Amino acid sequence: MIVARNLTKEFPQPDGGVKRAVADVCFSIEAGEIYGLLGPNGAGKTTTLRMLSGMMAPTAGDALLNGHNIVDDAQAVKNQIGFLTANTGLYARLTPRETLVFFCEMYGIERGRAEARAEELINWLEMRDFADLRCGALSTGQKQRTSIARSLVADPPILIMDEPTLGLDVLTNRIILDFIRRERTLGKTVLLSTHYLDEAEAMCTRMGLLHNGKMIAEGSLSHLQELSGRTKLTDVFLTLVQAPPTLLAAQD
């Protein structure tokens with residue numbers, strides 16, 4: 001599970017001031033949940049995910065991932081997660097199969113098991129048609145499936161996914177979303193950041209809405225609909241962004 005407690009991140013500015021990208025963000029995610037972290041560009045989503053993954057230290061606050069503190073035990077946190085970002089890189093001269101075996105062995109998985117795990121991921125993510133082509137020759141969707149498989153080689157209990165379907169075709173989008181649903185049925189904790197609100201509406205058990213670095217509302221879709229008086233998630237978000245903070249506090 002994930003428990004974020006007053007996560008805050010500030011960045012120094014050239015004029016000597018600071019920019020607060022994330023401010024006192026709190027939420028929790030249980031095993032077997034898909035939690036959507038939603039918001040426009042600049043809302044603080046990626047910064048929050050990077051703090052949770054141990055890639056970036058918070059200015060204040062902390063978080064626990066399966067009991068491991070991101071401030072005091074960052075390496076243990078990294079061992080608990082599969083982290084996918086839009087910038088996940090691949091070695092152009094390796095094939096997807098070679099990439100997966102290589103990263104398995106980096107996790108200390110012996111060769112035979114590494115090859116078996118690579119084959120499992122290739123089958124689950126429908127990568128057979130391109131598993132033995134060089135990564136540099138793959139399409140955007142094929143690279144994204146390979147990147148997701150790479151993040152999962154050690155079968156982590158927590159998945160943190162930043163825009164996993166960004167710019168993908170309909171077929172690849174379906175494959176990836178079905179795979180995420182499958183991971184949830186296996187009891188994984190899934191934190192999903194996406195701009196596609198219809199995708200979040202269909203996938204997520206609960207959602208947190210970020211705006212200007214602050215969590216303006218969170219809960220199930222039905223709770224957010226009740227809070228905003230709207231039905232579609234797009235309208236829910238736009239209504240809550242524009243609502244006075246005092247109104248949101250009174251209704252929460």
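The values are calculated or read from the model by the stated rules, or taken from the named source; none is laboratory data. These figures come from a predicted structure and were not determined experimentally. Cβ: placed from backbone, ideal geometry, glycine included. Neighbour counts: every protein chain shown. Quick note on the areas: whole protein, heavy atoms, side chains included, nothing else; ligands and nucleic acids left out. Shrake-Rupley method; radii C 1.70, N 1.55, O 1.52, S 1.80 Å.
Of the conditions (1) open to solvent by 60 Å² or more (accessible area, probe 1.4 Å); (2) outside any loop (DSSP other than H, G, I, E, B); (3) more than 26 Å from D235 (Cα to Cα), D24 satisfies every one except a single condition; which number is it? Among (1) open to solvent by 60 Å² or more (accessible area, probe 1.4 Å); (2) outside any loop (DSSP other than H, G, I, E, B); (3) more than 26 Å from D235 (Cα to Cα), D24 violates only (3).
Checking the stated criteria, I70 turns out to be free of Cβ contacts under 8 Å to residues at least 24 places away in the same chain and not basic (K, R). Taking the stretch 120-135 as the range and being surrounded by 12 or more Cβ atoms within 10 Å (Cβ to Cβ) and more than 11 Å from R97 (Cα to Cα) as the test, the residues that pass are W124, L125, E126.
Okay, residues lined up against (1) in contact with a helix residue (DSSP H, G or I) (Cβ under 7 Å, 6 or more places away or on another chain); (2) among the β-branched types (V, I, T); (3) modelled with pLDDT under 90:
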| site | (1), (2), (3) |
| --- | --- |
| E105 | yes, no, no |
| E110 | no, no, no |
| R117 | yes, no, no |
| A137 | no, no, no |
| D169 | yes, no, yes |
| N173 | no, no, yes |
| H195 | no, no, yes |
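Output the residues belonging to the stretch 193-221 that are acidic (D, E) and assigned to a helix (DSSP H, G or I). D198, E199, E201, listed by residue number. Taken over the stretch 30-50, residues that are more than 12 Å from the chain's Cα centre (by Cα) and surrounded by 22 or more Cβ atoms within 10 Å (Cβ to Cβ) amount to 3.
Okay, residues lined up against (1) among the charged types (D, E, K, R); (2) buried (at least 17 other Cβ atoms within 10 Å of the Cβ); (3) part of a strand (DSSP E or B):
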site: R181; (1), (2), (3): yes, no, no
site: G187; (1), (2), (3): no, no, no
site: L191; (1), (2), (3): no, yes, yes
site: H223; (1), (2), (3): no, no, no
site: R230; (1), (2), (3): yes, no, no
site: L238; (1), (2), (3): no, no, no
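From the list R206, R230, the lone residue that is at pLDDT 95 or above and of a type in the set (D, E, K, R) is R206.
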